[in-house]
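Values quoted throughout were computed directly from the atomic coordinates according to the rules given, and no laboratory measurement underlies them. Everything quoted here is computed from the prediction, not taken from an experiment. FYI the Cβ positions are ideal-geometry reconstructions off the backbone, even for glycines, and counts take in every protein chain you see.
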Amino acid sequence: MKQKIRYFILRLPAVFLLSCILFTCANIGNPNGGPYDEDPPKFVDSKPAMKQLNFKGKKIEVIFDEYISIENPNEYVIVTPPQKQNPFIQAVGKKVTVELKDSLIENTTYTIDFTSSIADNNEKNVLENFSFAFATGDVLDTLQISGVLINAEDLEPVQKTLVGIHQDLSDTAFTKTKFLRTSKTDERGRFIIHNITPGEYHLFALEDKNRNYAYDKNNDEALAFYDSVIVPVCERAMVPDTIWRDTVTVDTVLLVEKTLFYPNDLTLWFFKDSITPRQRMIKRERPQDYIFTLKFNAPMDTFPVPVPLNFDPRDSLWYITQRGEDPEGFSINYWILDSTIYKIDTLSVELTYWKNNDTIPEQMELQTDTLSLVNRDAAQKKKKTSRKKPVKVRSSGDPAADSLPAEEKEPVIFLQVAVTPSGTLNPDDIISVRFNEPVMEVYKECFVLETGVDSVWEPVDFELHEDPFLAMTYNIIRPFKYEERYRLTIDSAMLCGVYGHCNDSMTVGMTVKGEKDYGHLIVAVQGLPSSGDSGRTAVPAFMELLNSSGAPVAKAVVENGIATFRDMNPEKYYARIILDRNGNGMWDPGSYEKRLQPEQVFYFMLQFEIRQNWKIEETWDISNSKPGEKPYDLIKNKPKEDTKKKRDYREESKPRKSNSSTPHIRGLGI
């Protein structure tokens, strides 16, 4: 017995050690290197020194406390005054080198504005709004102004866009001379223009397509301008400075003396000028063998006539023209009717059209171009035809033809007809009928619209109009009532396209939803600014309801301070108001030539949740709406730090339990 006790006592240390090992195996902790680096690089030193006076060199070296990278320096690093030749900029290790190519101007303050281009190598923490300054004379200018650039139509922050100032206060400075000092907006649309000398300035933003630091109204450049003269100032003041213990915990709040620069809350409204852009052809393409498209940047009064060069049409009417669909410009479709022509892989034509004179943009002149229209899909189509699967064909009614093998039958190709909507109708819907090729004749008698009560269908009257915006589309219009049933019938061969394809018979059924399936929204609008000399009439305005993506789905004019939305599908909506100063029912951009700002837009910061058989009444005082404010969920140009997923090192370092009750001891060599 004593020997057993002694044996058990001797085994206790081994049992204890084994228990510890098993416990460790069952609770595995993730190794980590401590807190992740969430701080941007810090400036350490430079050659020349920061704010160096009387500098005559051209090479600048800036050193940081960690290895860094620089994003697209030729695009995002701004040297002020603007340079004729791009400087050479590179990052190696912890150092950024800038070599200036232009001669330096005497007695001038230079700023190298890195905006948000510098980040550390590992975690990509961005160093925001870092700039380096030096002077070629005895004085370093130190004033600065700041603000935000916002797209005037949808209130999106405008990123990576040039902002600059002119000391010449004449109207032509923006179009004739380069900016005096510049910067670029960051991912939140914010900008800071550094190292300004005391004085009066005009402020602008510019989509500088030709990189000449001046506004070219005929180059279709977007812009923004501040209405008032800006006078930069600064003052010393005591401001709170927060010291953080970590990313969420405040350690200490101190009052420190700092230099504050004003103005620091400038808002610029970005838009494309409402002037007619310089007329030019921007694209030509031949997407299919029987059609080619010419795209221009502005509407044309007449369609240009193509003159054949490498083919001889059998008929003068070898094509027909039709306005294309191009929301960003103007396009013309040329449908080739002669099969001997559209089977040619490359068509060469001469085209004469009106364009703006290059020297005097206000004058129009005739331009003649030779175009090669290549059918790039021809070879692919030949390959597909060689391995084409058998096509199901309809009986021709000819027994002799029907008795032929399937591969010898001529397939029947129908004119494609698409009807929308189908299935469910809303009371204010329009029925659209769209074809895949131009149709010879479309008239009201081609369609039969009926309403059904029980099993009885009766024809009803309607209006038929060609869609003014969508090519090859016709609209059927009539007032629809709740819970009515409709069907649209098109008999076979009622509509024939220019290539001889006729429609197959079709019937599309539709039902209008009941009144209880919808909800209603009534918004009382307050705070509209007044218009006219009397100041008693409110500026015309309309309100739009937006879906979760920010796209407009309904519009209502504000009448007597009320915007009414009836028969809305149960959804969550956002809303915005456009101050429609000219009453044309659409948002209008501004005009620099007329010194006219774009029409104002305000967003309601909360969602409306419309429910079935429910009416919501809301009051919106837009005088309390902050200009440029937009619901966060609707902002598309979100900064990277808002979308970047942060890693929580504290959670990752916690022990995790094994999924199995059996210890994994094999890997420990036990």
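You can think of it this way: the chain between N547 and N357 has 64.0 nm of extra reach, that is 0.36 nm per residue less the Cα-Cα gap.
The GluC sites (Glu not before Pro) of the stretch 181-276 that meet both conditions, a loop assignment by DSSP and at most 15 other Cβ atoms within 10 Å of the site Cβ, are E200. An oblate overall shape is assigned to the stretch 488-541, the ratio a/c of its alpha-carbon gyration tensor axes (a ≥ b ≥ c) being 1.5 or greater and a/b not exceeding b/c.
Close amide H partners of F542, meaning residues 5 or more places away or on another chain with modelled amide H under 5 Å apart, are V558, I578, D580. At R0 = 35 Å, how high is the FRET efficiency between C446 and N426 if r is their beta carbon distance? Nearest 0.05 is fine. So, using R0 = 35 Å, E works out to roughly 0.90. From the Cα gyration tensor of the stretch 122-242, with a ≥ b ≥ c the square roots of its eigenvalues, which class applies: rounded if a/c is under 1.5, or else prolate if a/b is larger than b/c, or else oblate? Since a/c reaches 1.5 but b/c is at least a/b, the shape of the stretch 122-242 is classed as oblate. Near F55, the amide H atoms lying under 5 Å from its own belong to A135, T136, G137; only residues 5 or more places off or on other chains count, and H is placed 1.01 Å from N.
Between E325 and H520, the C-beta separation translates, for a Förster distance of 41 Å, into a calculated FRET efficiency of about 0.75. Taken along the Cα-to-beta-carbon direction at a fixed 7 Å, the label points for L337 and E466 span 1.5 nm. For the peptides 577-586, 113-122, the ranking by packing is 113-122, 577-586, with the highest mean count of neighbouring Cβ atoms within 10 Å listed first.
If the segment from S492 to K626 were pulled out straight at 0.36 nm per residue, it would be longer than the present Cα-Cα gap by 42.4 nm. Assuming charge only on the beta carbon of Lys and Arg (+1) and of Asp and Glu (-1), the dipole of the stretch 194-344 about its Cα centre is about 600 debye to the nearest 20. Under 19 Å from a label point 7 Å along Cα→Cβ of E350: give me every residue in the stretch 271-312 with its amide N that close. Counting only backbone N, you get 303-312. Let's test the formula: R0 of 25 Å, r as the Cβ-Cβ distance of E71 and L254. What FRET efficiency results, to the nearest 0.05? Efficiency, from the Cβ-Cβ distance: 0.15. In this structure the amide hydrogen of N125, modeled in the peptide plane, comes within under 5 Å of the amide hydrogens of D120, none closer than 5 places in sequence on its chain.
Scaled to the globular estimate 2.2 N^0.38 Å, the Cα spread of the stretch 40-170, given as radius of gyration, is 1.12. Remark: spin-label model distance N54-M300 equals 6.5 nm, labels positioned 7 Å along the Cα→Cβ axis. Report note on the peptides 132-142, 263-273: ranked by the mean count of other C-beta atoms within 10 Å, highest first, their order is 263-273, 132-142.
For K258, the aspartates and glutamates whose Cα comes closer than 12 Å to its Cα, not counting residues fewer than 8 places off in the same chain, are E235, D241. The distance separating the Cα centre of the stretch 408-469 from that of the stretch 307-375 comes to 32 Å.
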